Amino acid sequence: MTIKSTKQQARDRIVQAAVDVVEAEHHFREARAEIKAMYEVYFRAHGRPEGEFLPHTDAWEGVRLFTAAANDRRAKARRVLSNAQARMERAVNALERAQ
């Protein structure tokens, strides 16, 4: 009975982890889309700086400052996604060990 409940617990963990991964992926995609939209707004208002994107140069400082909060949200969403993926992997490994 203990083995069966352990397997079921592992399956339940996988299901919850999968839901968490899907939600985290959705939030991460939304955060990336927000930054892209903010770039477009900034470039329409101020023009696109010349050259490649180097965020710590003077030419790109305005863009970096304008999108700083959105970049923080994207970074947090990426961490949440990575953690959810790691939980999913651990749950799958737990089920494999339980079998």
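Table for the structure above
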{"quantity": "Residues of segment 66-79 satisfying the condition of being hydrophobic (A, V, I, L, M, F, W, C), surrounded by fewer than 18 Cβ atoms within 10 Å (Cβ to Cβ) and either under 12 Å from the mean Cα position of the chain (by Cα) or under 20 Å from Ala10 (Cα atoms) (or both)", "calculated": "Ala75"}
{"quantity": "Residue within segment 56-78 that is of a type in the set (A, V, I, L, M, F, W, C) and in contact with a His (Cβ under 7 Å, 6 or more places away or on another chain) present", "calculated": "yes"}
{"quantity": "Test set (1) out of contact with any Ser or Thr (no Cβ under 8 Å at 6 or more places or on another chain); (2) modelled with pLDDT of 95 or more - Ala91 fails condition number", "calculated": "(2)"}
{"quantity": "Matching option when the condition is touching a helix residue (DSSP H, G or I) at 6+ places or on another chain (Cβ under 9 Å) and without any contact (Cβ under 8 Å) to a residue 24 or more places away in the chain, among Arg32, Arg48", "calculated": "Arg48"}
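Table: residues versus (1) over 30 Å from Thr6 (Cβ atoms); (2) in contact (Cβ under 8 Å) with a residue 40 or more places away in the chain; (3) of a type in the set (D, E, K, R); (4) not in a loop (DSSP other than H, G, I, E, B).
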{"residue": "Val22", "(1), (2), (3), (4)": "no, no, no, yes"}
{"residue": "His27", "(1), (2), (3), (4)": "yes, yes, no, yes"}
{"residue": "Lys36", "(1), (2), (3), (4)": "yes, no, yes, yes"}
{"residue": "Glu61", "(1), (2), (3), (4)": "yes, no, yes, yes"}
{"residue": "Met88", "(1), (2), (3), (4)": "no, yes, no, yes"}
{"residue": "Ala91", "(1), (2), (3), (4)": "no, yes, no, yes"}
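The values are calculated or read from the model by the stated rules, or taken from the named source; none is laboratory data. Quick caveat, the model's predicted, so the values are computed rather than measured. Don't worry about glycine lacking a Cβ; one is built from the backbone with ideal geometry, like all the others, and counts go over all protein chains shown.
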